[in-house]
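The values are calculated or read from the model by the stated rules, or taken from the named source; none is laboratory data. This structure is a prediction, so every number in the text was calculated from the model and none was measured. Note that we place each Cβ from the backbone using ideal geometry, even for glycine, and neighbour counts take in every protein chain shown. Accessible surface is based on the protein model in full, side chains and every heavy atom, while ligands, DNA and RNA are left aside. Shrake-Rupley method; radii C 1.70, N 1.55, O 1.52, S 1.80 Å.
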Amino acid sequence: MKKGMTTVLAGMLAISLLGACGNSSSDNSANGGSSSGKVEIEFFQNKAEAKTSFDKLVAKFNEANPNIVVKQVNPPDAETLLKTRAAKKDIPDVVGIGATDTFKSLATGSLFEDLSNDPVVKNVQPAYADMLKNYTANSQLNGVPFAANANGVIYNKAMFTEVGAEVPKTWDEFIAVAEKFKAAGKNAFYLTLKDSWTTLPAFNALSSSIVGIDFYTQRHAGSAKFTGTINEVVQKQLQLTEYAQKDIYGKTYNDGNVAFAKGEAAMYLQGVWAIPEIQKANPSIDLGVFVLPATNDPSKNKLVTGVDTLLAISKTTKHKEEAKKFIDFMMQPENVKQYITEQKAFPTITGVTQDDKTVEGLKEAFTAGNLVDFSDHYIPAAMKIDTLLQEFLQKKDVDAFVSKLDTEWDKVADRK
C-alpha cells in the first residue's frame, strides 16, 4: 500500500469489492455467439458464498439484454484453475476475483484491460482504485473495484450479555474476555483450521496492525526479515488457540459457520463474508462485529479491509463491448447495493452505503480512517502462507516458524 493510503481512506464509511474479467472458453466464441445467435459471456468468479447473489444479478442483466447471455462459472479452487487457464491463454471474458497475489500476477502479465480512463470508474472511491494500481508495475487499473470486505471478530451478542462481557478495545481486554468465557465453560472462539485459509483472518488482523504493510514492502526490497519482526504476531495467534474448541484441526469453514450459528462459541475470527452463511443457519441470531484489538494501544488497532471482488476484462476476449456492458451494469448503484446488502460487504463507489446493523461496530474505524490492507496480499502466493500457518499452529514453535518464513520467501524470490 502506498504511503498516504490511510489518509485517503479516512472518512469512508463503507467498503466493498468485486472482480470480474475474462474471455469465453466456449467454442461459440469463434463465431461471436451461441447457436441461438446470442453473444455468450463467461463470468468467472471465485466466491462460492456469493454465487447466489451473482446469479440474481446475472439473470437481471440477461433479461435486460436479450442479445447477450452471461454465464456464471464458480468452480472449486477457482484461483488455481484461473492460473492454469491463463497459462493456456484461455482467460474468461469477465473475471471476478479479490485483490490477491493471483490477481497481481495476472495483471502484471498484461492479461487484463486497463480501465484507468473508463467512465465506469468515475464513482469509484480513489482509495480502492489506488489499492489495485499498487499491484501493477505500470500503475494501470486492471480491474474495477466492485465490493470491499472487512476482517474482524464476529461475536454473539447474547453470549456476551450472558457472561457480562463488553467489546474489547485492547489486546489485554480481548484476552480477558476470552478468559471469562473459558471460566464459564464456554468456547471463546470457534476455529476451523482444517481449511488452511481460515488461519488468515486472525493473521491479517494481527500482522497488519502490529508490523504494518510497510514491513512487507521492506521485505520485498530485502531490507527486512520476518525473524525478529513478526514474532509477536504469530505468538498472539497461537495464544488464541487456547480458548477454542478441542477439535480445531478437524473442523472446516462450513462446519464453523453452522457451529457458531448454534452458539457453540462466542467469537468467530472471520471476515464479514461469513455473516450471511451464519444467518442462513440461524436467522434469529444477534450478531455484531468489532475490530480485532491486536495491541494495547486502541489507536494502533486498525480494521483490515480491501477490495474483495473486482471486475476485470480479458485483453483477448472477442466480446469486449458486451463484457464492458456487463461491468457497467454491475457497477450501477442499485446493483452494488443489492450485492453488498446480501453479502454484508461494503461499497467501493460513492453514493452507496452499508446500512446493516450487524456491521455497525466497524463504522468508527471507517470514520476515523483507521484502516489497513490485508497483509497476505503482499506475500507471494507461492509461499502458501496459509498452509505454513496451519503447520505452525500445530507445531507451536515460534522461532522455527519465523525462520522458515524467511527461508520460504527467499526460495520464491530466487525462482523469479
**Request:** Can you tell me the equivalent ellipsoid semi-axes for segment 241-288? Use √(5λ) from the Cα gyration tensor, largest first, whole Å.
**Result:** 18, 11, 10
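What does the net charge come to around residue 387 if you take all other residues with beta carbon closer than 11 Å to its beta carbon, with K and R at +1 and D and E at -1? Walk me through the intermediate numbers first.
Values: positive: 384; negative: 195, 386, 391, 408.
In short, -3.
Counting only protein heavy atoms and using a 1.4 Å probe, what share of the accessible area of the chain belongs to carbon plus sulfur, as a whole percent?
Values: 8180 of 16840 Å².
Using a 1.4 Å probe with all protein chains present, the chain comes out at 49 percent carbon and sulfur.
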**Prompt:** How long is the gain from residue 411 to residue 67 if the chain were fully straight, where each residue apart is worth 0.36 nm and the alpha carbon distance is subtracted?
**Reply:** 118.9 nm
**Request:** For segment 232-380, just run the numbers: alpha carbon Rg, then divide by 2.2 N^0.38 Å, N being how many residues it has.
**Result:** 1.24
**Message:** What does the charge count around residue 192 come to, taking other residues whose C-beta lies under 11 Å from its C-beta (Lys +1, Arg +1, Asp -1, Glu -1)?
**Reply:** -1
**Message:** So with the 1.4 Å probe, I'd like the accessible area per residue for the chain, rounded to whole Å².
**Reply:** 40 Å²
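So, counting K/R as plus one and D/E as minus one, what does the shell of residues with Cβ under 14 Å around residue 363 add up to? Could you put the intermediate results ahead of the total?
Working: positive: 344, 357; negative: 355, 356, 360, 364.
Spelling it out: positives minus negatives among the neighbours equals -2.
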**Request:** Output the direction-averaged projected area (hull surface divided by four) of the convex hull of the alpha-carbon atoms of segment 313-376, in nm².
**Result:** 6.4 nm²
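What Kirkwood Rh does segment 342-391 have if only Cα atoms enter the pairwise 1/r average? Answer in Å. The partial results should precede the final answer.
Numbers: mean 1/r = 0.0722 Å⁻¹.
Taking every pair of different Cα atoms in segment 342-391, averaging 1/r and inverting gives 13.8 Å.
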**Prompt:** To the nearest 10 square angstrom, what accessible area does residue 360 show with a 1.4 Å probe?
**Reply:** 100 Å²
**Prompt:** Using only helices, what value at 222 nm comes out for the chain when you add -39,500 (n - 2.57) per DSSP H run of length 4 or more and divide by the total residues, to the nearest 500 deg cm²/dmol?
**Reply:** -12000 deg cm²/dmol
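Given the alpha-carbon gyration tensor of segment 262-302, what are the semi-axes of its equivalent ellipsoid in whole angstrom, ordered largest first, with each equal to the square root of 5 times an eigenvalue? Mind showing how you got there, number by number?
Working: eigenvalues 128, 21, 12 Å².
That gives 25, 10, 8 Å for the three semi-axes.
Nearest 0.05, what FRET efficiency do residue 59 and residue 105 give at R0 = 35 Å with Cβ-Cβ as r?
Details: r = 32 Å, r/R0 = 0.92.
It comes to 0.65.
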**Message:** Please report the antiparallel percentage of DSSP beta bridges with both residues in the chain, rounded to the nearest 5.
**Reply:** 65 percent
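Dividing the Cα convex hull volume of segment 162-317 by residue count, how many Å³ per residue is that? Each step should come with its number before you reach the end.
On the way: hull volume 24.8 nm³, N = 156.
Normalising the Cα hull of segment 162-317 by residue number yields 159 Å³.
Calculate how large, on average over all directions, the projected area of the Cα convex hull of segment 101-222 is; give the answer in nm² to one decimal. Please list the in-between numbers first.
Details: hull surface 44.3 nm².
So the mean shadow area of the Cα hull is 11.1 nm².
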**Message:** Under a crude label model (7 Å from the Cα following the beta-carbon direction), how far is residue 214 from residue 281 in nanometres?
**Reply:** 4.0 nm
**Asked** What is the pair-distance distribution P(r) of the chain, computed from all Cα-Cα distances in 10 Å bins starting at 0, with each bin given as a whole percent?
**Response** 5, 23, 32, 26, 12, 3, 0
**Request:** Check cross-link reach from residue 357 to the aspartates and glutamates: straight Cα distance under 12 Å, and skip same-chain residues fewer than eight apart.
**Result:** 286
**Semi-axes of the equivalent ellipsoid for segment 71-161, Cα gyration tensor, largest first, Å** = 28, 20, 12
**Message:** What distance in nm separates the two pseudo spin-label positions at residue 357 and residue 395, each 7 Å out from Cα along the beta-carbon direction?
**Reply:** 4.8 nm
**Prompt:** Which residues does a label at residue 170 reach in segment 297-319, if reach means a backbone N under 19 Å from a point 7 Å past the Cα toward the Cβ?
**Reply:** 297-303
